[in-house]
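One structure is given below, encoded as structure tokens.
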Amino acid sequence: MASTESLLPLTSQQQDPLFDSSRSDPNPETHRRRPIKVHLAVYSGFLLIALYVTLIVTHDGSRAKNGETTTESRARLAGVSEKRVSDDQKSEAFPWNNTLLSWQRTAFHFQPENNWMNDPNGPLFYKGWYHFFYQYNPNAAVWGDIVWGHAVSKDLIHWLYLPFAMVPDQWYDANGVWTGSATFLDDGSIVMLYTGSTDKFVQVQNLAYPEDLSDPLLLKWAKYSGNPVLVPPPGIGAKDFRDPTTAWKTSAGKWRITIGSKVNKTGISLVYDTTDFKTYEKHETLLHQVPNTGMWECVDFYPVSKTKTNGLDTSVNGPDVKHIIKASMDDTRIDHYAIGTYDDSNATWVPDNLAIDVGVSTGLRYDYGKFYASKTFYDQHKKRRILWGWIGESDSEAADVQKGWSSVQCIPRTIVMDTKTGKNLVLWPIKEIESLRLSSKKFQMKVGPGTMVPVDVGPAAQLDIEAEFTIKKDDLQIILGDDSMDADKEFSCENSGGSTVRGALGPFGFSVLADQSLSEQTPVYFYVTKGKDSKLKTFFCTDTSRSTKANDVVKPIYGSFVPVLKGEKLTMRIIVDHSIVEAFGQGGRTCITSRVYPTKAIYGATKLFLFNNAIDATVTASFKVWQMNSAFIHAFSADDLGVPSRT
Amino acid sequence: MIDRTCKETPDFNLCVSLLNSDPRGSSADTSGLALILVDKIKVLAIKTLNEINGLHKIRPELKHALGECSRKYKTILQADVPEAIEALTKGVPKFAEDGVIDAGVEASACEEGFKGKSPLTSLTKSMQKISSVTRAIVRMLL
């Protein structure tokens with residue numbers, strides 16, 4: 001092992017000539033991520049300079065400055081929405097106009113016709129229709145005046161807007177009809193439990209049910225005359241008691257729900273049993289609690305099979321089952337989950353691994369990008385559990401007001417236990433999304449270190465990409481077999497400089513929503529590092545820091561570690577739909593959703609690029625790219641009744 | 001209460017002076033203090049809009065940037081402030097934080113539109129500071 005001391009000058013990070021034409025350091029060879037033999041470093045330096053000269057085009061590299069990255073990560077730690085103006089001198093205060101803003105509207109993600117949306121509510125399948133309810137402000141493109149929006153679909157993709165399901169018209173929900181969940185009773189009828197903000201701003205739980213069960217559209221909802229059915233118990237703040245779950249059956253045949261709250265800074269989930277959804281019995285014990293995680297919103301609780309890939313109805317329990325608790329952390333706006341064991345008799349749950357308990361910062365997340373207040377439901381029609389998640393905006397409210405809308409929902413994702421690792425869930429866009437796939441093109445490309453190649457797919461604003469990457473074996477062996485190379489410094493997508501910082505084995509992946517000159521681009525990539533144990537460790541990231549020239553947009557670098565098992569190829573899927581990019585690493589073990597707002601890479605100017613920004617590795621990419629159709633989401637009309645499916 | 005709360009913000013002096021200048025300050029709880037500061041954001045936005053209107057007449061060469069600023073400050077008044085007040089009143093500080101942070105974002109975006117020759121710099125800085133102080137207090141409510 002070479003002494004670290006002699007290699008010290010070589011340990012700092014190297015910037016990428018391909019991405020950054022304004023490199024300030026004239027000595028590229030002094031900027032390597034990892035310690036390596038000097039002669040190799042110098043050689044690479046020459047190579048890089050050559051690349052720099054031949055490949056650098058005229059684009060204006062606007063890599064975020066270090067200061068910006070630091071500010072951002074601090075903000076992230078503080079758990080803020082990250083809204084702030086970029087201090088990057090090269091970005092501009094952007095005069096958004098309607099041409100630019102119209103492009104941002106999605107083509108096949110669910111979003112209301114206009115105005116503000118947040119949490120998904122009460123998803124369910126009934127008499128041939130998927131129902132989706134959502135927190136909606138009918139009056140503005142910012143949060144406020146919340147009602148329940150309602151839409152139906154035959155396939156979870158082609159949605160039809162229906163009239164509001166519920167509005168604030170009672171003292172117990174006068175200040176808002178907030179988030180809730182649906183439960184199917186044994187006789188096939190439906191109950192909806194939701195949070196109301198009362199005329200005195202107290203959070204209470206209310207019961208509602210469809211007025212007419214013979215109506216497959218469930219247009220009319222009745223609120224129970226005895227509402228509220230639950231008020232904040234002693235010791236719980238009047239404004240810390242919201243978002244009841246779907247109920248599940250206890251072994252004694254009662255129904256059980258959980259509701260998130262907090263005591264001081266401890267996030268908790270309260271448990272209640274009921275037989276009629278009108279009166280409840282509170283458990284003295286909590287389903288779970290984790291200190292220093294703050295208020296738990298939108299708690300979700302459900303079983304997953306340890307061995308099978310189908311979803312489980314919420315009441316299923318048994319030796320083959322693990323239970324998931326998900327909570328949306330009010331403090332950080334992150335949806336955290338953990339895998340554990342549920343004890344039906346005392347209504348408690350314990351995590352498999354205390355170190356990654358619910359809401360712990362190193363714990364598991366459904367999505368490492370912009371994704372919050374999610375909710376699952378069991379689709380009895382196709383025997384699967386499906387996840388919805390609210391994807392907010394990363395632009396300014398002035399832009400939201402100007403474009404007249406704010407927020408989309410993710411493409412619904414099936415959610416199952418990763419039976420291969422046993423340590424995480426796997427999320428994957430529902431199969432039905434593939435019905436939007438139009439023409440496709442297949443590619444196999446070998447890309448050497450420091451290469452960026454355009455992928456000829458035509459317009460690139462509505463795409464579905466599935467790709468497989470292999471690193472050249474010799475290159476891998478050089479890295480793994482070379483004892484003189486120390487382990488990489490601890491890498492993280494957020495704090496290691498993004499896609500412009502090069503390592504031996506990464507980054508490589510796609511730049512989506514790029515313009516021809518690469519002045520705007522959003523790279524989605526793998527980054528493989530050599531861990532302390534000399535094993536490879538893979539990260540999956542999305543870098544939005546150069547996604548737009550505009551400066552009134554938050555442009556984080558997102559991502560996380562992704563488990564890669566022996567013999568597996570690196571795989572990613574990317575769904576691009578105008579201002580939203582959903583990325584899935586290793587079949588959905590790590591997911592990253594981001595919002596991007598290009599100013600040049602729009603309409604016909606959107607391009608797709610494949611890149612390999614590794615220093616040492618040659619990568620082969622086999623991939624398929626589909627153009628995606630629009631879902632033509634529109635208001636329900638009588639014509640829609642006769643059409644069983646639009647697909 | 002004011003002193004204790006302001007110690008947790010990035011600008012103690014500004015925080016104390018703003019809150020002491022309001023008669024409600026001495027008896028307000030944390031949420032009440034945040035509401036007072038949101039009012040200050042509103043007052044400052046109105047003041048800045050008036051300034052922008054005045055500049056429109058005497059600085060025609062800045063017409064474009066001033067127009068953008070006008071739209072951004074109107075967003076503060078018509079979107080950020082009402083959103084923050086409703087969210088604080090109803091006890092959903094998360095959305096109050098959105099509005100309050102955005103007030104600072106809009107001010108900064110306005111400022112940059114002048115490409116270094118802003119006639120509004122001191123007003124921008126005031127908005128940025130009030131925004132960050134208010135946000136710190138809003139976060140105490142989470």
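FYI, it's all coordinate maths here, none of it is from the lab. Computed from a predicted structure; not experimentally measured. Virtual Cβ from ideal backbone geometry, glycine too; neighbours counted across all protein chains shown.
The listed peptides A:98-104, B:35-41, B:100-106, ordered by packing as a protection proxy, come out as B:100-106, B:35-41, A:98-104 (highest mean of other Cβ atoms within 10 Å first).
Note: relative contact order over the stretch A:114-429, using C-alpha pairs below 8 Å and six or more positions apart, is 13 percent.
Maximal additional length on extending the A:Q477-A:D533 stretch stands at 18.6 nm, based on 0.36 nm per residue less the C-alpha distance. Stokes-Einstein diffusion coefficient for the stretch B:2-139 at 20 °C in a medium of 1.002 mPa s, Rh from the Kirkwood formula over Cα pairs: what value in µm²/s? The calculation lands on 142 µm²/s.
For the stretch A:511-581, the pair-distance distribution built from all alpha carbon pairs, in bins 5 Å wide starting at 0, is 3, 14, 22, 22, 14, 11, 8, 5, 1 percent.
Segment A:K569..A:E468, full-extension length gain: 35.7 nm, with 0.36 nm per residue of separation and the alpha-carbon distance subtracted. Viscosity 0.890 mPa s, temperature 25 °C: what is the translational diffusion coefficient of the stretch A:114-429 from Stokes-Einstein with a Kirkwood Rh over Cα pairs, rounded to a whole number of µm²/s? Here the translational diffusion coefficient equals 126 µm²/s.
The Rg/Rh ratio of the protein assembly as shown, with Rg taken over Cα atoms and Rh as the Kirkwood radius over Cα pairs, comes to 0.96. Annotation: amide H of A:D330 within the under-5 Å range of A:M295, A:E297, sequence separation 5 or more or interchain, hydrogens built in the peptide plane. The length gained on full extension between A:L219 and A:K127, counted as 0.36 nm times the residue separation minus their Cα-Cα distance, comes to 31.8 nm.
Spin-label model, B:L77 to B:H56: label points 7 Å out along the Cα-to-beta-carbon direction sit 1.1 nm apart.
A simple spin-label model places the labels of A:V263 and A:L641 5.3 nm from each other, with each point 7 Å out along Cα-to-Cβ. In this label model, A:S517 and A:N292 are separated by 4.8 nm, measuring between points 7 Å along each Cα→Cβ vector.
Within the stretch A:377-419, which residues have the backbone N less than 20 Å from the label spot 7 Å out from A:N310 along Cα→beta-carbon, could you tell me? Label zone hits: A:377-387, A:413-419.
Counts of other chain beta carbons within 10 angstrom of each beta carbon in peptide B:99-108 average 6. Gyration tensor over the Cα atoms of the stretch A:432-628: the corresponding equivalent ellipsoid has semi-axes (square roots of 5 times the eigenvalues, largest first) of 27, 18, 15 Å. Taking every residue in A:552-559 and counting other chain Cβ atoms within 10 Å of its Cβ, the average works out to 2. Between B:N13 and A:E284, how high is the FRET efficiency from 1/(1 + (r/R0)^6) when r is the Cβ-Cβ distance and R₀ = 45 Å? Nearest 0.05. In this case the efficiency is close to 0.40. Taking packing as the residue-averaged number of other Cβ atoms within 10 angstrom, the listed peptides A:414-420, B:17-23, A:176-182 run from highest to lowest as A:176-182, A:414-420, B:17-23. Beta-bridge orientation, the protein assembly as shown: approximately 95 percent antiparallel, per DSSP, counting only bridges with both partners inside. Relative to one another, the C-alpha centroids of the stretch B:51-69 and the stretch A:585-647 are positioned 41 Å apart.
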